[in-house]
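Visitor: My structure is below; once you've seen it, I'll send some questions.
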Amino acid sequence: MNKIFTALVFIGVPLSVVGTFMHWSSILLFIIYCITIIALASFMGRATESLAVVAGPRIGGLLNATFGNAVELIISIFALKEGLIGVVLASLTGSVLGNLLLVAGLSFFVGGLKYKRQSFNVFDARHNSGLLMFGVIVAFVIPEIFTKTMTKNDTLNFSVGISIILITLYLAALFFKLVTHRGVYLTDDKNESRNHEEEPEWGTRKALIILALATLAVAYVSENLVHTFESVGEAFGWSELFIGVVIVAIVGNAAEHATAIIMAYKNKMDIAVEIAVGSTLQVAMFVAPLLVLLSLMFPVAMPLVFTLPELITMVTAALLMITISNDGETNWFEGATLLAAYFIMGIGFYLL
Amino acid sequence: MNKIFTALVFIGVPLSVVGTFMHWSSILLFIIYCITIIALASFMGRATESLAVVAGPRIGGLLNATFGNAVELIISIFALKEGLIGVVLASLTGSVLGNLLLVAGLSFFVGGLKYKRQSFNVFDARHNSGLLMFGVIVAFVIPEIFTKTMTKNDTLNFSVGISIILITLYLAALFFKLVTHRGVYLTDDKNESRNHEEEPEWGTRKALIILALATLAVAYVSENLVHTFESVGEAFGWSELFIGVVIVAIVGNAAEHATAIIMAYKNKMDIAVEIAVGSTLQVAMFVAPLLVLLSLMFPVAMPLVFTLPELITMVTAALLMITISNDGETNWFEGATLLAAYFIMGIGFYLL
Amino acid sequence: MNKIFTALVFIGVPLSVVGTFMHWSSILLFIIYCITIIALASFMGRATESLAVVAGPRIGGLLNATFGNAVELIISIFALKEGLIGVVLASLTGSVLGNLLLVAGLSFFVGGLKYKRQSFNVFDARHNSGLLMFGVIVAFVIPEIFTKTMTKNDTLNFSVGISIILITLYLAALFFKLVTHRGVYLTDDKNESRNHEEEPEWGTRKALIILALATLAVAYVSENLVHTFESVGEAFGWSELFIGVVIVAIVGNAAEHATAIIMAYKNKMDIAVEIAVGSTLQVAMFVAPLLVLLSLMFPVAMPLVFTLPELITMVTAALLMITISNDGETNWFEGATLLAAYFIMGIGFYLL
């Protein structure tokens, strides 16, 4: 797997550079960019992981939290710069749906084909449920309703206020998990055994260099990727919404998706759920509000107001995940249910 | 009880035939039709039960699933043929509300008057909660929002897509329950003791003949019943919506209602809940999408788009049931809460 | 604490009387009124508590339920008399939000700073979850949707019907808790130890006199307070909605807030939750419908139809509390989550 990604990076990056200068067809470039980003993302993931192991669980947790959605953040920043607010909100929606339904669904399904019942820490499940309810439902639904009669300026002020509260609570959640309540809710000795395995793949220096180079490359490719959206959309009959919700979301999270499913297949459901639900919470409570705040520096500011289809899919996805995960157990049918919800939403966004 | 139903069938069917030919007053015919269908439905239920016992639990489960809502399906098909899409959607809503709130409410209440605390399999409760969230909330709310801006054709395509996904997941749920995870989530030895009691009431042949005859009779009476809706609505000042949500739903499910309450009174809460929540899921995930697909053969196709009052009552009813049933325990007050919700909705549909 | 409140009563009541006659500035009077009501409310609370101890748990529970929200009820009745329906609905919303998010949030947070994990009766939590789902979600959302196309008269009829059902179910809940299922769901011997402490602070006669006098004084001050809303709103740029949701709600519930937080700090989470969630249920299922019924005697009748922002904040707050409290455990982070939700809503109402 890693070898394939290495090959893809060493082929994809030069091709991206050459293709951009040669003005190849948008569709070809779009495909090259997407594959290159997926391959680069896997390098960023491995570099972050190596640093996290060395830094210890507290700083490591912070690192993972910050770099876990770095690719998405970078793509989104370039889209913001172009004023493509619709694409950014759509790709945030797509990340939430992709993680909650596609990643978790595939993990539960694939894991469930091998094991009849799989379990994960029920306290984590409940902690995550509360955050999903807060981050996806309270913090996204309320601005939708309140800003209907607000001026543009108040809408933006409200969005900034909510964003600051979201980021603050997200940092508080990290503090809770990594400092005040670290190890309080353990149900068994999994934690210990997990520590044994952890050895950094790369030294700190190598990891830092790879992380920096991969991030730069991602930034370069992302900027170009954003420019292909319009022609690709026209060529395939895809709306801006569909590109954001489905394509960008899958490209931005592909590396994580693979890891989660592998972990589920190895019956390490705690990690699989942490990736799927943890990523969702990162996007909703950290990436989305951060982009709102960053957008203030760009010509067009982005309010935290999704379209109604985006909002409703995120809300129903969160409710479904809360209901399904609340007992700390999974099976193949729960995975199938999440996947079925993803298909319904996918068809909907395609037809919209 | 069975004798009364037998008498009602032998009086009601001839009366229905004679009355139809003699063009009796619509209101009188409406009452005769309703009572006859209720009596015929009890025969269909007993015939299905007998076949299910002989066929063993797997095929038996399938039979129950298919014939459990046969009466409703038949009435709905005749209503579809007349283009009464509003009545069909309303009666689907009424079935969901009637099963989730009225049947379950009465079961919990009546059972709770005799026993302080009654319990049922908590794993089934959670499994059902996930399906309610998917079938009633994800699959019904999303088309409501997405189709607002869609063309009529896309709305229908989306409805067909969702219907296929719903039926597929419903079959997967049966496969999960009857094949891959049969007996996996048992909490005690109830299953065994239940098997002892099961002896078919009728032989296979007799059951098949009764099932065929009763189904034919239901079809005949249902077709005529549908024609009385208009005059009955005018006479009593009932809207199409009220007839569908309250009257058709109660007539179509009367036999099941009685069984569920008797089971609760005997402290067999697993069966009572299976009838109430299981029927809801059948309607939402099998009958409703099947009617959407069947409607493609009729002059007016039916999209899976409910009116807002229908949708909101189903969503809140599902949320209330999920919250109340999630601990696998019931008492009289939980029953009273469900009934109170049903009354609120009933008044609402009456005033609408 | 009690001494401060006594001083405030003996200073505040005369100041209120003098200030009203002298026509002091509205803003000064507004502040005096608010502080006086808070101080008087603490006396009413202590008097009710004393009576409750003497009367035994059953009648005591009824007394607490009736007088617990007396101050709010009185302020609301005077606002209704003035035709300020918007303020009344807003202050009901504010009470629900204040109790569910601010009181419970502060209790969980403050208690959680001292104790890593605090627990309360999980059966009560589930019972309350069911009632929140019914009282806040079913009973408030349905009229919102149904009355959109109803005539004014039907809207009122529907509101009256729902109100009667709500009050009936609320009384049934008391009957369930105090009579049929008293002590059925105890998890430990907390109940016993709690009884030991209970000695009435005041004799029955003294308590009755204080309760009567304080109620009269609250009524007098409330009537005048209502008249200051308009000028205060203009002076500070607050909307009627903001005054109702934030100011009236905090003033009307200040005494209870203090008690809940103190209880949480003493690790008596059962009482803290009972105050926070119990008060919410009182407001939603008893005070709100009672005001609808009482409003029939006033020139302008009040339907049970909130504005969309009011409704959505209550619904999301209820969902958040149900998710967070369902395991019968709390920690500081759960408190922080509830507080964060309150801040988002507060900013929203301020900007609206």
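The values are calculated or read from the model by the stated rules, or taken from the named source; none is laboratory data. Note that the structure is predicted; figures quoted are calculated from it, not measured. As a convention, Cβ positions derive from the backbone with ideal geometry for all residues, glycine included, and neighbour counts pool all protein chains shown. Note: areas computed on protein heavy atoms with side chains; ligands, DNA, RNA excluded. Shrake-Rupley method; radii C 1.70, N 1.55, O 1.52, S 1.80 Å.
Visitor: Please go through region B:33-48 and pick out each residue that is surrounded by 24 or more Cβ atoms within 10 Å (Cβ to Cβ), modelled with pLDDT under 90 and of a type in the set (Val, Ile, Thr).
Guide: Correct list: B:Ile37 only.
Visitor: Sort out which residues of region B:155-174 are closer than 23 Å to B:Gly130 by Cβ, open to solvent by 20 Å² or more (accessible area, probe 1.4 Å) and at the interface with another protein chain (Cβ under 7 Å from one of its Cβ atoms), and write them in order of number.
Guide: B:Ile165, B:Ala172
Visitor: With respect to A:Phe306, is the statement that it is aromatic (Phe, Trp, Tyr), within 21 Å of B:Met150 (Cα to Cα) and either away from chain B (no Cβ under 14 Å) or not in a helix (DSSP H, G or I) (or both) true? Quick ask: steps written out before the conclusion?
Guide: Details: aromatic (Phe, Trp, Tyr): yes; within 21 Å of B:Met150 (Cα to Cα): yes; either away from chain B (no Cβ under 14 Å) or not in a helix (DSSP H, G or I) (or both): yes.
Spelling it out, A:Phe306 is indeed aromatic (Phe, Trp, Tyr), within 21 Å of B:Met150 (Cα to Cα) and either away from chain B (no Cβ under 14 Å) or not in a helix (DSSP H, G or I) (or both).
Visitor: When region A:134-149 is examined, which residues are found to be within 8 Å of chain C (Cβ to nearest Cβ) and within 24 Å of the chain's Cα centre (by Cα)?
Guide: If the condition is that a residue be within 8 Å of chain C (Cβ to nearest Cβ) and within 24 Å of the chain's Cα centre (by Cα), then A:Phe134, A:Ile137, A:Val138, A:Ala139, A:Val141, A:Ile142, A:Pro143 are the ones that fit.
Visitor: Only residues that are open to solvent by less than 30 Å² (accessible area, probe 1.4 Å) and either over 20 Å from A:Asn326 (Cα atoms) or not in a helix (DSSP H, G or I) (or both): list them for region B:318-331, please. Even if it seems obvious, please write down each step before you answer.
Guide: Kept after step one, since they are open to solvent by less than 30 Å² (accessible area, probe 1.4 Å), are these residues of region B:318-331: B:318-325, B:328, B:330-331.
Within region B:318-331, B:Gly328, B:Thr330, B:Asn331 qualify.
Visitor: If you don't mind, there's one more thing I want to ask. Looking at B:Lys152, B:Lys177 in this structure, which one is open to solvent by 10 Å² or more (accessible area, probe 1.4 Å), modelled with pLDDT under 95 and more than 20 Å from the chain's Cα centre (by Cα)? Show your work before the answer.
Guide: Numbers: B:Lys177 fails: more than 20 Å from the chain's Cα centre (by Cα).
Unique residue meeting the criteria: B:Lys152.
Visitor: Here is a check on your reading of the model: is B:Thr168 in a helix (DSSP H, G or I) and modelled with pLDDT of 95 or more?
Guide: Answer is yes for this residue.
Visitor: Can you tell me which residue is least open to solvent (accessible area, probe 1.4 Å) among those in region B:195-224 that are under 15 Å from B:Ile32 (Cβ atoms) and more than 18 Å from the chain's Cα centre (by Cα)? Can you show your working first?
Guide: Keep residues of region B:195-224 that are under 15 Å from B:Ile32 (Cβ atoms), which gives B:217-218, B:220-224.
Next cut, more than 18 Å from the chain's Cα centre (by Cα) only: B:217, B:220-221, B:223-224.
Values: B:Ala217: 21, B:Tyr220: 81, B:Val221: 2, B:Glu223: 58, B:Asn224: 28 Å².
Taking the candidates together, the pick is B:Val221.
Visitor: Of the residues B:Val103, B:Val122, which is within 14 Å of another protein chain (Cβ to nearest Cβ) and at pLDDT below 90? Break it down into steps so the answer makes sense when it comes.
Guide: Working: B:Val103 fails: within 14 Å of another protein chain (Cβ to nearest Cβ).
After ruling out the rest, the residue left standing is B:Val122.
Visitor: Quick one: would you say C:Thr313 is of a type in the set (S, T, N, Q), surrounded by fewer than 21 Cβ atoms within 10 Å (Cβ to Cβ) and either more than 8 Å from every other protein chain (Cβ to nearest Cβ) or under 15 Å from C:Val246 (Cα atoms) (or both)?
Guide: It is false that C:Thr313 is of a type in the set (S, T, N, Q), surrounded by fewer than 21 Cβ atoms within 10 Å (Cβ to Cβ) and either more than 8 Å from every other protein chain (Cβ to nearest Cβ) or under 15 Å from C:Val246 (Cα atoms) (or both).
Visitor: Quick check on region C:265-284. Is at least one of its residues within 22 Å of A:Phe176 (Cβ to Cβ) and in contact with a strand residue (DSSP E or B) (Cβ under 7 Å, 6 or more places away or on another chain)?
Guide: Within region C:265-284, the subset within 22 Å of A:Phe176 (Cβ to Cβ) is C:265, C:267, C:269, C:272-273, C:276.
Remaining after also requiring in contact with a strand residue (DSSP E or B) (Cβ under 7 Å, 6 or more places away or on another chain): C:267, C:269.
Checking region C:265-284: at least one residue is within 22 Å of A:Phe176 (Cβ to Cβ) and in contact with a strand residue (DSSP E or B) (Cβ under 7 Å, 6 or more places away or on another chain).
Visitor: Just one of A:Leu80, A:Leu131, A:Leu89, A:Leu113 is part of a helix (DSSP H, G or I) and within 14 Å of chain C (Cβ to nearest Cβ); which is it?
Guide: When all the criteria are applied, what remains is A:Leu131.
Visitor: Report, by residue number, each residue of region B:341-352 that is without any contact (Cβ under 8 Å) to a residue 40 or more places away in the chain and open to solvent by less than 10 Å² (accessible area, probe 1.4 Å). Even if it seems obvious, please write down each step before you answer.
Guide: Start the filter on region B:341-352 by keeping residues that are without any contact (Cβ under 8 Å) to a residue 40 or more places away in the chain, which leaves B:343-344, B:347-348, B:351.
Of everything in region B:341-352, those that are without any contact (Cβ under 8 Å) to a residue 40 or more places away in the chain and open to solvent by less than 10 Å² (accessible area, probe 1.4 Å) turn out to be B:Ile344, B:Gly348.
Visitor: Please enumerate the residues belonging to region C:1-25 that are farther than 15 Å from C:Ala214 by Cα and open to solvent by less than 40 Å² (accessible area, probe 1.4 Å).
Guide: Within region C:1-25, C:Gly19, C:Thr20 qualify.
Visitor: For region B:135-149, give me the residue count where each residue is free of Cβ contacts under 8 Å to residues at least 60 places away in the same chain and open to solvent by less than 20 Å² (accessible area, probe 1.4 Å). Don't jump to the end; show me each part of the working.
Guide: Keep residues of region B:135-149 that are free of Cβ contacts under 8 Å to residues at least 60 places away in the same chain, which gives B:138, B:142, B:145-146, B:148-149.
When the remaining residues are screened for being open to solvent by less than 20 Å² (accessible area, probe 1.4 Å), the result is B:138, B:142, B:146.
The total comes to 3.
Visitor: Can you find a residue in region C:105-113 that is closer than 20 Å to C:Val226 by Cα, within 18 Å of the chain's Cα centre (by Cα) and open to solvent by less than 10 Å² (accessible area, probe 1.4 Å)?
Guide: no
Visitor: Identify all residues within region C:234-290 that are of a type in the set (Ser, Thr, Tyr), open to solvent by 10 Å² or more (accessible area, probe 1.4 Å) and assigned to a helix (DSSP H, G or I); write none if there are none.
Guide: C:Thr259, C:Tyr265
Visitor: Right, another one. When region B:291-303 is examined, which residues are found to be open to solvent by less than 10 Å² (accessible area, probe 1.4 Å) and either in a helix (DSSP H, G or I) or within 12 Å of chain C (Cβ to nearest Cβ) (or both)?
Guide: Result: B:Leu291, B:Val292, B:Ser295.
Visitor: In the set B:Leu320, B:Leu338, B:Leu352, which member is facing chain C (nearest Cβ under 7 Å) and within 21 Å of the chain's Cα centre (by Cα)? Don't jump to the end; show me each part of the working.
Guide: Details: B:Leu338 fails: facing chain C (nearest Cβ under 7 Å); B:Leu352 fails: within 21 Å of the chain's Cα centre (by Cα).
Only one candidate passes the filter, namely B:Leu320.
Visitor: All but one of (1) facing another protein chain (nearest Cβ under 10 Å); (2) in contact with an Asp or Glu (Cβ under 9 Å, 6 or more places away or on another chain) hold for B:Gly328; which doesn't?
Guide: The single condition B:Gly328 does not satisfy is (1).
Visitor: If a residue must be within 25 Å of A:Phe109 (Cα to Cα) and in contact with a Phe, Trp or Tyr (Cβ under 8 Å, 6 or more places away or on another chain), how many such residues does region A:283-311 contain?
Guide: Residues in region A:283-311 being within 25 Å of A:Phe109 (Cα to Cα) and in contact with a Phe, Trp or Tyr (Cβ under 8 Å, 6 or more places away or on another chain): 1 in total.
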